[in-house]
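See structure below.
What follows draws every value from the coordinates through simple rules; no lab data is involved. Computed from a predicted model, the values in this text were never measured in an experiment. Ideal geometry is used to build each Cβ from the backbone, glycine not excepted, and the neighbour counts take in all protein chains shown.
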Amino acid sequence: MTTRRRDILKWASLAPLAATLKADGNPPLLIRNAKIVPVGAPPIAKGSVLVIGGFIAAVGENVTAPAGSQIVEGEGLTIYPGLIDGLSTLGLDAVAPVSRFGAGAPPPSIAAAPVSISRGPEDRPLTTPWVKAADQVKTTDRRLPQARSAGFTTAVTFPTSGIFAGQGAVINLAAERTSQMVVEPSVGMYTTLSTNRGGGFPNSLMGVIAYLRQTYIDAVHYREATAIAAKNPQLPRPGYEKALEGILEAPRTLFPAVRAYEIDRMLRLTKEFPTKTVLYGLHEGFRRGEELSKAGITAIVNLRWPEGTRDGDPEDREDLKVLELRDQAPSTPGVLAKSGVKFTFSTIGVDSPAAAIRAVKRAIDAGLPQSEAVKAMTLGAAEIFGVSNRLGSIEKGKVANLTVTKGDLFQDSTRVQFVVIDGVKHDPTVEETAASR
Amino acid sequence: MRTSLLLLLATTLFANEKDSFFMKGVTLFPVASPKVENTTLLVVDGKIADIGLKSAPKGVRVIDGKGLQVYPGIINSATNIGLSEISSIRETNDTGELGDFNPQLRAIVAINPETEHIPVVRANGISTVITLPGGGGGFGGGGAGIIMGQAALIHLDGYTYEEMEINRTAAYQMRFPTMSSRSFDFDTFQTTRGSFADAKRRFDTQMAEINKFFAEARAYMTAKNAKTPGLKVNVRYEAMIPLFEGKAPVMITASKKREILAAIQFAEAQKIKLILADVRDPGSAVEDIAKKKIPCILGPVTQLPPEADAPYDFNYALPGQLHKAGVKFAFGSFANQFARNIAFEAASASAYGLPYEEALKAITLNAAEIWGVGDKYGSIEKGKYADLLVTNGDPLEVKTDVKMLFIQGRQQSLESKHTRLYDKYRLRPN
């Protein structure tokens, strides 16, 4: 259990005291007379949000602030729950190499991937499930202020190199100390279909798929053997396998699937795996809304929409299927929303957080209702990663992560006025605003 | 002259001449003229001496060709025969010397007369091939040069390359730089697109190198012609002289419109004779090719279209379109693996718009004319060499059997590694 979680329980048990305590040393913050989009509850045309001690203390049309509160006049502003980047590398200092299955970008370089000459599954090639983003995030990542300026307050950050790359964490995008950034340290395992290009097994797609299978079979066996050994201390110990521990520990697993055939393959394959499946990529998901819905799979749509080479050969005639994907990929979120697939967005491979927001706008233009876009980036993401009890909506008792804009989100004219993270107001600096636009 | 001598000494000579015979009862398909049914053919000393003689001159070997059909020997206008045995085994490849400019390299001197490819190819009625010094597969050393050497026109018969030779400098093989920004990524197994500006820069750099080499070679020729004292012999420049003098053409590989137009422009600027090779996707450049009467060597048509969305018959239909536009072309396989199937490439094209006669011409007379030997080869005419293919049917038809093949009147064995293995395994007890 995290500190943050304990905090919540503490606050709950000490409810009468909560209103007066200022655990983070900041005065209460009241944003008043603003339009509020709480997500999960009807919008309030004119209301106020009161933040005390890093949590939302009150939301409504009539909220009175305790004496000494910092007051922000919200006239003309809209308050959203803090936007969550549903799959990213934010906070990880060195930008992790992007998996080609995540964003159609080049696969991880040999130098970056944990390469070993492996002979088979027993060597656990490209498998580092013990790597945790929570252990590696830093407040010093230069992209954090950019992300805040674009309206993001939270990110789900994953290590991304290797077949079992490691475990992701939900982090808030501002804190004094790194330890305070982490909201939930282990929310899932990130997998790719990387081949072992340093040499050795697996060196092909079929090898990687066979390896995924073998590893899950091994993991289940390991879990059972460990349970039996625990009950029967006289039996030989099954041994400790750190690779399998991490795989079993992860509450859900992210698998790559960009094209329709990849989605089909993953839907079939992951049925065999003893883990909750989340697919990421999904650029051709517009063809598979029904199938994904029926399978009850949650999805993370990558916001780096496929695009042509900027400096391409003018005489190059591109294949119809490439053009079609390029044209229709942004319609995927709309299709998923209509089919009832729970989804959020990933910014891996996207140039900047601001570009990610613009990419969401393209999805809206291609048929995603604005409200669904907001939901996908707030409560939807929180639900997918199991943190909706703390994040994702403007509700009394939730972490005070807010995104305050002038104008509706995702419009060209929208300006992010400020964000509130853990109750602390962060104004975009001038250059960050300029850079993000 | 020899023929007149023979007329005098017919009785004594005919019996011993291996390259003289009288064939009767055949249907002739001379290519240059309409077919002649149930006729005879007299070959004397390797040349066609007469057509339609009622009876054989005394002493001449008589071959009964009743019901058979006679065509000119087939010419494959691009192979590596004699230079490459198995393209993927480096040790068996003599193509693709290192270095960008190697006009002095002559494919003919490297030809191995004992290559297994010769009998295999011959068995399908091919009497003559162009052997290119540059490799198609890229396994023969460098292979990425610009002027790769001199292509040789050879007969598929002879103990030495001298005996096989028809023209040792049939053309200079040149690979034109491409402006392609596409490359194949073996990791994703997909075509990736790089920067076009970079591709253009590479193209300009290479073109500058080419123009520099040509300018230097020309300066050398001028100096040589002026008998400049103390001029140091440079074999590379020396080898360019026949090209500049118009005695041999340059065969430039250029598949797409942009490269084709650039190649035409280059040849015009250099005032050299041009043959375009491996034309695949010429687009509107077809008009330029036709207008300027540039002969083309087409690659195999039985392969995938150049792009995923191109019509399935893109390659099959191209020869027909070129013919319609008035372009003269021949077929070449640009590799050894399927060199024996060249007639079927023409056949596929004939099923997609190329008139049958033209398909036949493309692998016989057109090829001979393009390679500058149309007066001696490529059709069945009096006075031409007797490179003859005798079949029981249409040679463009897969099921047709090749019954005999003559090269300059000498009957060839149709046995090959394929037939030897066939015979061996047919006799296997179980």
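Summary of computed values
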read-out	value
Stretchable slack from B:VAL62 to B:TYR422, in nm (0.36 nm times residue separation minus alpha-carbon distance)	126.6 nm
Förster radius 30 Å - calculated FRET efficiency between A:ASN389 and A:ASP93, Cβ distance, rounded to 0.05	0.50
Ranked list, fewest to most other Cβ atoms within 10 Å of each Cβ, for A:SER149, A:SER352, A:SER331	A:SER352, A:SER331, A:SER149
Fewest-first ranking of B:VAL121, A:VAL131, using other Cβ atoms within 10 Å as the exposure measure	A:VAL131, B:VAL121
Residues A:ALA355 and A:GLU249, FRET efficiency given R0 of 35 Å [Cβ-Cβ distance, rounded to 0.05]	0.55
Whole-Hz couplings from phi, Karplus 6.51/-1.76/1.60, listed for segment B:375-392; x for Gly and Pro	7, 10, 9, x, 8, 9, 9, 4, x, 7, 5, 8, 8, 10, 10, 10, 10, 9
Sites A:ASN33 and A:ASP365 - FRET efficiency at Förster radius 30 Å, r taken between beta-carbons, to 0.05	0.45
Cα centroid separation - segment B:374-424 against segment B:195-233, whole Å	44
Distance between segment A:255-325 and segment B:250-316 - C-alpha centres, whole angstrom	38
Loop-located trypsin sites (Lys or Arg not before Pro) in segment B:47-154 whose Cβ has at most 11 other Cβ within 10 Å (DSSP)	B:LYS54, B:LYS58, B:LYS66
Where labels lie 7 Å past Cα in the beta-carbon direction, separation of B:LYS247 and A:LYS138 in nm	7.2
Relative contact order %, chain A, counting alpha carbon pairs below 8 Å whose residues are six or more apart	19
5 angstrom amide H check on A:GLY407, placed H, neighbours 5+ away	A:THR78
Cross-link partners of B:LYS247 among aspartates and glutamates (Cα-Cα below 15 Å; sequence separation of 8 or more within a chain)	B:GLU238, B:GLU369
Projected label distance in nm at A:ALA67 and B:GLU268, using a 7 Å step from Cα toward the beta-carbon	9.4
Surface/4 estimate of mean projected area, convex hull on alpha-carbon atoms of chain A, nm²	23.3
Anchor B:LYS200: aspartates and glutamates whose Cα lies under 16 Å away (excluding residues fewer than 8 positions away in-chain)	A:ASP311, A:ASP313, A:GLU315, A:ASP316, B:GLU209, B:GLU259
Charge context of B:GLU238, other residues only, Cβ under 13 angstrom, K/R +1, D/E -1	+3
Listed pairs B:LYS18/B:LYS403; B:LYS271/B:LYS384; A:LYS231/A:LYS271 exceeding 22 Å between Cα atoms	B:LYS271/B:LYS384; A:LYS231/A:LYS271
Most fluctuating residue given options B:MET179, B:MET251, B:MET23, as computed from a GNM of chain B linking Cα atoms under 10 Å	B:MET179
Placed amide H near B:PHE331: partners under 5 Å, 5+ positions off or other chain	B:SER77, B:LEU298
Chain B: relative contact order as a whole-number percent, Cα under 8 Å and 6+ apart	19
Solution diffusion estimate, µm²/s, Stokes-Einstein, segment B:73-376, Kirkwood Rh from C-alpha pairs, 4 °C, viscosity 1.567 mPa s	65
Residues with amide H under 5 Å from that of A:PHE345, placed H, sequence gap 5 or more	A:GLY86, A:VAL301
All lysines inside 24 Å of A:LYS276 as judged from Cα atoms, apart from same-chain residues fewer than 8 positions distant	A:LYS132, A:LYS242, A:LYS294, A:LYS338, A:LYS342, A:LYS375
Most fluctuating residue given options B:THR364, B:THR192, B:THR39, as computed from a GNM of chain B linking Cα atoms under 10 Å	B:THR192
Averaged over A:307-320, number of beta-carbon atoms from partner chains that fall within 10 Å	5
Relative frequency of Cα-Cα separations exceeding 57 Å in the protein assembly as shown, percent	35
Under the span-like rule (Cα at least 30 Å along the axis, Kyte-Doolittle mean at least 0.0), DSSP H helices of chain A	A:205-231
GNM top mover of A:THR378, A:THR405, A:THR270 - chain A, alpha-carbon springs below 10 Å	A:THR270
Beta bridges by DSSP in the protein assembly as shown, antiparallel share as percent, to the nearest 5	55
